[in-house]
Amino acid sequence: MFRRKVYQNLADWKNSTNGTKALLIEGARRIGKSTVAEEFGKAEYRSYLLIDFSIASNAVKGYFTDYLNDLDMLFMLLSAAYGTTLYRRESLIIFDEVQMFPFARQAIKHLVKDGRFDYLETGSLISIKENVKEIVIPSEERKIKMYPIDFEEFLSAMGEEQIIPYIKTCFESRQEVDRGIHNKAMMLFKTYMLVGGMPKAVSAFLENDRSFAAADAEKRDILNLYRDDIMKIKSSYRKRTLLTFDQIPGFLSTHEKRIVYRQIKENSKSTDFGEPFFWLADSMICNECFNTADPNIGLSVNEERTYVKCYMVDTGLLLSHAFDENAILEEEVYRQILQDRLSLNEGMLYENAISQMLAANGHKLFFYTHYSNEKHRNDIEIDFLLSNNSKLKYRMYPIEVKSSKKYTTKSLQRFRDKYKDRIGDCYIIHPGNLSKKDDILCIPPYMTIFL
């Protein structure tokens with residue numbers, strides 16, 4: 001069991017709702033939803049009962065259809081079936097993989113109203129149309145999103161969490177990090193990019209003497225699960241979804257990293273891929289990043305859904321996905337990447353890692369480009385835009401990601417000049433130490449957690 005920040009969200013839910021709302025944990029497959037739900041039940045309740053609907057018997061499913069109007073009988077049967085005593089207001093019932101039996105999710109309305117127990121739901125692909133079209137979504141349900149292990153959680157798993165307060169102090173005071181600690185933090189960040197944040201991959205890495213190959217094997221199993229999920233789509237967009245998924249590394253390896261629809265399928269356009277992108281984003285396999293046409297008046301207001309970047313939910317998965325012609329990436333290949341001895345598009349990994357860290361911090365992802373008719377090319381390209389969402393004192397925070405220590409700031413300066421009245425801080429995320437350059441704050445990638 002890794003330390004997961006979402007645990008505190010579960011505690012807050014328990015203390016604030018007092019049984020008046022069920023909690024649904026949404027997230028991609030294999031990110032640890034079931035594990036954290038069960039650990040929460042063990043630690044915070046007198047007893048808990050976990051129903052995994054991916055393996056639940058027809059008899060158990062029948063209890064919900066046959067006895068929803070007789071909850072005394074329903075709870076007695078569940079208690080007997082799972083050998084667990086349930087205590088009024090002291091027990092938690094977990095509906096695991098609830099998308100496999102949507103009727104149980106609909107039953108939440110009646111179960112919460114009964115008030116005897118607390119209810120946690122976990123699910124993948126939970127809001128895809130095929131899984132909810134025949135049920136009433138309960139209003140007595142609160143949702144939270146869960147992501148793969150983030151960089152702070154990864155440091156904790158590696159036994160290196162003690163450097164976080166020092167790095168945070170340097171970020172807040174705009175001070176350079178001690179060179180030795182900076183080098184150590186950068187090595188940990190690069191390790192995080194290669195291993196990723198899928199719990200099984202992190203466990204395999206740690207339990208096998210920090211073996212990248214062991215982690216790679218787990219990541220390939222997860223990628224195969226995702227492909228299997230795509231192949232289960234019943235709608236006509238299944239093939240387009242698989243084509244999109246398979247070409248994500250290719251698009252992220254280009255300079256603009258933007259999806260070009262005709263490269264996925266000849267003569268196609270953005271409207272042909274609305275449902276595939278919805279599926280990939282809604283299943284949380286990918287993090288979408290939309291172009292915003294006029295960020296001066298808000299990011300979401302002017303998002304252009306025809307211009308989109310599609311990042312993998314986990315950078316470790318992206319690396320294994322990019323080398324999908326190999327059965328398993330050899331240990332030496334990983335170590336050469338770690339030591340910068342192997343030619344690789346690090347920009348792809350860096351930018352995906354930053355997108356992953358921003359999404360885990362709750363940011364919706366946007367980017368910005370400006371085409372110059374005079375130059376016949378984009379003269380401003382901003383990788384990410386954050387905002388403070390204030391209606392009175394709106395500020396936006398442009399971010400450029402650089403995988404090399406050699407770069408220019410011209411694009412960021414042009415953007416700052418164009419929107420100077422609405423700019424907060426400007427950031428460049430780069431491998432170097434913290435520094436200030438032309439009123440732009442240059443920070444190492446491990447400080448992204450503080451944005």
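The values are calculated or read from the model by the stated rules, or taken from the named source; none is laboratory data. Since the structure is predicted, the reported quantities are computational estimates derived from the model, not experimental observations. Positions of Cβ are generated from backbone atoms using ideal geometry, with glycine treated the same way; all protein chains shown enter the neighbour counts. Heavy atoms of the whole protein, side chains included, go into the accessibility calculation; ligands, DNA and RNA do not. Shrake-Rupley method; radii C 1.70, N 1.55, O 1.52, S 1.80 Å.
Residue by residue through segment 33-48, which ³J(HN,Hα) values in whole Hz follow from phi under the Karplus form 6.51 cos²θ - 1.76 cosθ + 1.60 (θ = phi - 60°), with glycine and proline marked x?
In residue order, the calculated couplings are 4, 5, 5, 5, 5, 5, 4, 5, x, 5, 8, 10, 9, 5, 8, 9 Hz.
Rolling a 1.4 angstrom probe over the protein heavy atoms, how many square angstrom per residue are accessible across segment 135-186? Intermediate values should be presented prior to the final figure.
Details: 2670 Å² over 52 residues.
Solvent-accessible surface per residue comes out at 51 Å².
Summing Lys, Arg as +1 and Asp, Glu as -1, what charge do residues with Cβ under 15 Å from the Cβ of residue 187 carry, residue 187 excluded?
On the way: positive: 179, 184, 190, 210, 335, 341; negative: 160, 178, 340, 346.
Once all neighbours under 15 Å are counted, the net charge is +2.
What are the extents of the Cα atoms of segment 139-296 along their three principal axes, listed from largest to smallest and rounded to whole Å?
53, 46, 44
Using only Cα atoms and rounding to the nearest 10 degrees, what angle (0 to 90) does helix 102-114 make with the longest principal axis of the chain?
70
Rolling a 1.4 angstrom probe over the protein heavy atoms, how many square angstrom per residue are accessible across segment 8-59?
45
Just the number, please: carbon plus sulfur as a percent of the accessible area of the chain, 1.4 Å probe, no ligands or DNA/RNA counted. Intermediate results must be reported in sequence, preceding the final value.
On the way: 9390 of 20610 Å².
Its accessible area is 46 percent carbon and sulfur atoms.
Determine how many Å³ per residue the convex hull of the Cα atoms of segment 402-451 encloses.
Normalising the Cα hull of segment 402-451 by residue number yields 73 Å³.
Return a whole-number percent for the relative contact order of segment 311-451, with Cα pairs under 8 Å and 6 or more residues apart as the contact set. Walk me through the numbers on the way to the answer.
Details: 195 pairs, mean separation 23.4, N = 141.
Over segment 311-451, the number comes to 17 percent.
State the Cα centre-to-centre distance between segment 381-436 and segment 205-240 in whole Å.
When both Cα centres are located, 34 Å separates them.
In degrees, nearest 10, range 0 to 90: what is the angle between the Cα axis of helix 346-360 and the longest Cα principal axis of the chain?
In the chain, helix 346-360 runs at an angle near 50 degrees to the longest axis.
Of all the Cα-Cα pairs you can form in segment 284-401, what percent are over 17 Å apart?
Tail of the P(r) past 17 Å holds 63 percent of the pairs.
Enter the Cα centre distance for the pair segment 12-28 and segment 138-159, rounded to the nearest angstrom.
Here the two parts' Cα centres lie 14 Å apart.
What does the highest-first list of 128-139, 25-36, 236-247, 100-111 look like by mean Cβ count within 10 Å?
Result, highest mean first: 25-36, 100-111, 236-247, 128-139.
Averaging over every viewing direction, what projected area does the convex hull of the Cα atoms of segment 64-109 cover, in nm²?
Working: hull surface 14.1 nm².
Directional mean of the projected Cα hull area for segment 64-109 stands at 3.5 nm².
Report, to two decimal places, the Cα Rg of segment 119-185 normalised by 2.2 N^0.38 Å (N = number of residues).
This ratio for segment 119-185 stands at 1.87.
Could you provide, to the nearest whole Å², the per residue accessible area of segment 204-259 with probe 1.4 Å? Each step should come with its number before you reach the end.
Working: 2680 Å² over 56 residues.
That works out to 48 Å² per residue.
Between beta-carbons, use under 10 Å as the cut-off and find the net charge around residue 357, counting Lys and Arg +1, Asp and Glu -1.
Local net charge: -2.
Please compute the Kirkwood hydrodynamic radius of segment 1-151 from all pairs of different C-alpha atoms, in Å with one decimal.
In segment 1-151 this quantity evaluates to 15.5 Å.
Counting Lys and Arg as +1 and Asp and Glu as -1, each charge on the Cβ, what is the dipole of segment 330-451 about the Cα centre in debye, to the nearest 20?
Details: 19 positive and 16 negative charges, 134 e Å.
Dipole magnitude for segment 330-451 comes out near 640 debye.
Could you pull out the GluC sites (Glu not before Pro) across segment 352-451 that fall in loop regions by DSSP (anything but H, G, I, E, B) with no more than 16 other Cβ atoms inside 10 Å?
Within segment 352-451, the qualifying GluC sites (Glu not before Pro) (loop, at most 16 other Cβ atoms within 10 Å) are 374.
Which cross-chain or sequence-distant (5 or more) residues have an amide H under 5 Å from the amide H of residue 437, H modelled 1.01 Å from N in plane?
Under 5 Å from the amide H of residue 437: 442.
Could you grab the relative contact order for the chain? Cα pairs under 8 Å, six or more apart, rounded to a whole percent.
14
Which entry is the computed Cα extents along the principal axes in Å for this structure: (1) 76, 56, 35; (2) 73, 53, 51; (3) 82, 56, 42?
The calculated read-out lines up with (2).
So how strong a dipole does the chain carry about its Cα centre when Lys and Arg Cβ are +1 and Asp and Glu Cβ are -1, to the nearest 20 debye?
Details: 63 positive and 63 negative charges, 229 e Å.
Roughly 1100 debye for the chain.
Could you please report the charge total around residue 209, scoring K, R as +1 and D, E as -1 over all other residues with beta-carbon less than 14 angstrom from its beta-carbon? List each step's numbers first, then the result.
Numbers: positive: 210, 335; negative: 207, 331.
So the environment of residue 209 carries a net charge of 0.
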